[in-house]
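So the structure is just underneath, and the comments pick up after that.
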Amino acid sequence: MNFLQLQDIIAKSEPMARIPSSNVSLSHPPESFRPSVISIEDAFFGDSGKGAVTAKFNHILNQHKNLFTMRFNGGANAGHETYIHGKLIVTHQVPTGVVCEGATALMTRAMVLHPEDLLLELDQLRSQFNGTLPGRLVIDDRIILTLDTHRALESALNDLSTGGHGSTGRGIATGYASYYLRVPVMLRDLLSEDWEDNLRSHYRLFDALIAGFPDRTLSATAVATMAGGIGSTRAVGDEDLFIKRLADIRSRIQPFASPRAFDLLQDAWNDPAIPITLEGAQGAGLDPFHGVYPDITASRPMSHNINDATYNIIRPQDIYFRTAVFKATYMSSVGTRRLPAPEDAGTEAWIQQAFDEKGRSTGRLRDIYPISIPIAGYLRRAAGYRFAIATHLDASRPDTDIDVITHYSDTATGAEQPYLPYQDHLDTLSAHTHTFKGWDGDAIKTIKAFEQLPETARLYIDFLSRAIAPLVMVTTGPDLEDYIRWNI
C-alpha cells in the first residue's frame, strides 16, 4: 500500500467499521473452517494487550466450562495482564485461560519454560483464587527448559556485545539456542530417572562456556528471578546448589507434565463443541526474521508458525479468526530499536503515566510512537492474520490530535521508501503523518455499541479497518466486559 492509496482510504473513510459478513461469527465461520477457534497475536512490537483480549475471548467462549486454551510461543519474558471483575491477574508463562473454571490450559513445545518461576507464578495465581487454580494446567513434557544456566550465559553475552541489550534477561534466546545447538534440556529430562546425571552434565557444559568470558564464573553470575519481584536477581550458585534447587522443583512440577500433548491437541481439535483460544506472546515486530534486528525475540511470535507448537494438528490456514492486537491510538516499544517518527514528548509522558507503559518483566519505560501503517502492512504480510482488534480506545483526549504514520521517505533525497526491519535502514527515513481528531477516552469506557461511539472515534476506527485489517473488536478498558465487538 503506497501513500496515494492511503490518502484515498483517508478521503473515503466513513463512520462505520468494516466487519465480516453478518452471517459469519466465531461460532459460525465459513463452512470450511472449524467453529469457535481464535488465535490472538500482536500486530506490532508486543505489549498491546493480548492477555486482556485473550481473557475476554476465554470468557466469551467458556460458557460450558470446556474451553481448551494454549500459549504457542515465548516464555517468562511475557507479561500478560487482565482484570477479572476488578481483580488484576498477571501471567508470564502460564496461558491466561488457566483462570477460567473448567478450562484446559496447555503450555506447548514451542515455548521455553523456567520451572521455578512457573511454580512461583502458580502460587501467586492460587493466592488469588482461594488456594486453587480454576482451570487445569498441562505442560507438554517436550517443552524446552530455560534455566539459571541459560540466563547466566545470556548475561555474559550481553556484557560483551550489544545484540541482547534489549532483552529481559530471562534466558529466552539462550534457551531456544540450546535447541538449535542440539544441547537442550527438556522437561522430560528433568523428570527422568537419570535426571541428576543429565543436569550435572548440563551445568558443567555451561560452566565451561562461561569460563571463556573475562572475569566470569557460572556460580557467581547474577540472574533474574521472580522470587523477589521485578528486577530481582540471585547468583546461580555451585553445581550442588543448582541440583538441589531442581530437586525441590521436580516433585512440584510433575503433576502438570504430560507426554500426551499430541493426543490432547488432537482430541480437542476433532471435537467442534470444544472452543479453542491460541495465545501468542511478544509481537510480529520481534520475529527473528521480521523484527528490527538485533532487537528481536528468539521465538516465532506469529500465528503463521502456530503449527510448530501443535505438531501440525492446528495449522494457521485452518483458523478463520486469526486476529492481531494493536493499541488503537499509539504503538509502544521497549528495547533498543529506534523508529522514525515525529517527537511529542508531552503525549508520550501522558501515555506512559496514564496507561502504565512499562515492561512487565523489567519495569523499563516503553517508548511511545504513532501507529505506523507501513509497519502494520509489512508485518501483516509476514504474519498472515485476517482480522484485527484495537485495544486502549480510551487512550485519547478531545484536545489532543492523533497522528498516524502514512509513509516514509528517504531523509536525504525525499523519495518514498518502504519499511524494512533493519535499524540502519530506519535511521535513513523520515516519517509522514496524517492527523485525526481525538475523543474523550474516559467517556467511552461504558459504551457497548459501535454506534454509540463519538463520530471522531468511528471515523478513526473505520480508517484503521481499511488501512490495517478489518477490526472485529475494540476494547475500552482492561476488564472482561470492557469491549465492543462485531459478529465474532
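Could you tell me which of S178, S232, A208 has its Cα farthest along the dipole of segment 144-257 towards the positive end, charges placed at Cβ (Lys, Arg +1; Asp, Glu -1), taken about the Cα centre?
Toward the positive end, the furthest listed residue is S232.
Would you mind estimating how fast segment 357-488 diffuses translationally, via Stokes-Einstein at 25 °C and 0.890 mPa s with the Kirkwood radius over Cα pairs, in µm²/s?
Estimated via Stokes-Einstein, D reaches 149 µm²/s.
For segment 274-336, which chymotrypsin sites (Phe, Trp or Tyr not before Pro) pass both filters: DSSP loop (anything but H, G, I, E, B) and at most 13 other C-beta atoms within 10 Å?
Hits after loop and neighbour filter: F289.
Can you check how the C-alpha radius of gyration of the chain compares to 2.2 N^0.38 Å, as a plain ratio?
So the chain has a normalised radius of gyration of 0.97.
Find how many whole Å separate the alpha carbon centroid of segment 300-368 from the alpha carbon centroid of segment 74-110.
17 Å
Hey, if you put +1 on the Cβ of every Lys and Arg and -1 on every Asp and Glu Cβ in the chain, which of A152, Y378, L218 ends up farthest toward the positive end of that dipole?
Checked the options; the winner is Y378.
If you average 1/r over all unlike Cα pairs in segment 381-448 and invert the result, what Kirkwood radius do you get in angstrom?
Working: mean 1/r = 0.0670 Å⁻¹.
So the Kirkwood estimate lands at 14.9 Å.
What order do you get for S396, S201, S192 when you list them from fewest to most C-beta neighbours inside 10 Å?
So the ranking, lowest neighbour count to highest, is S201, S192, S396.
Cα to Cα, under 20 Å, and not fewer than 8 places away if on the same chain: which lysines meet these conditions relative to K87?
Result set, ordered by chain and number: K50, K56, K358, K445.
Of Y180, Y408, Y419, Y293, how do they rank once you tally other Cβ atoms within 10 Å and put the fewest first? Mind dumping the intermediate values first?
Details: Y180 9, Y408 26, Y419 22, Y293 15.
Going from least to most buried by this count: Y180, Y293, Y419, Y408.
Which three extents, in angstrom, do the Cα atoms of segment 441-488 have along their principal axes, listed largest first?
The Cα atoms of segment 441-488 stretch 27, 23, 16 Å along their principal axes.
Nearest 500 deg cm²/dmol is fine: what mean residue ellipticity at 222 nm does the chain get from its DSSP H runs of n ≥ 4 alone, each adding -39,500 (n - 2.57), divided by its residue count?
For the chain, the value works out to -9000 deg cm²/dmol.
Over the alpha carbons of segment 144-257, what is the largest minus smallest coordinate on each principal axis, giving the biggest first in Å?
Per principal axis, max minus min of the Cα coordinates gives 39, 30, 25 Å.
With just the Cα atoms defining each centre, how far is segment 245-262 from segment 444-470? Give it in Å.
Result: 46 Å between the Cα centres.
When a footprinting reagent is the concern and you count Cβ atoms within 10 Å, what order do M331, M226, M70 take, fewest first?
Going from least to most buried by this count: M226, M331, M70.
Using the crude model of +1 on Lys and Arg Cβ and -1 on Asp and Glu Cβ, and no other charge, please compute the dipole size for the chain relative to its Cα centre, in debye to 20.
Details: 45 positive and 58 negative charges, 173 e Å.
With Lys and Arg at +1 and Asp and Glu at -1, about 840 debye.
Would you work out which of S161, H434, T336 lies farthest towards the positive end of the dipole of the chain? Charges go on Cβ: Lys and Arg +1, Asp and Glu -1.
H434
Roughly how many debye, to the nearest 20, is the charge dipole of segment 144-257 about its Cα centre, given +1 on each Lys and Arg Cβ, -1 on each Asp and Glu Cβ, and no other charges?
Roughly 340 debye, rounded to the nearest 20.
Where a number appears in this text, it was derived from the coordinates with a stated rule and is not lab data. Keep in mind it's a predicted model, so treat the numbers as computed, not measured. Note that we place each Cβ from the backbone using ideal geometry, even for glycine, and neighbour counts take in every protein chain shown.
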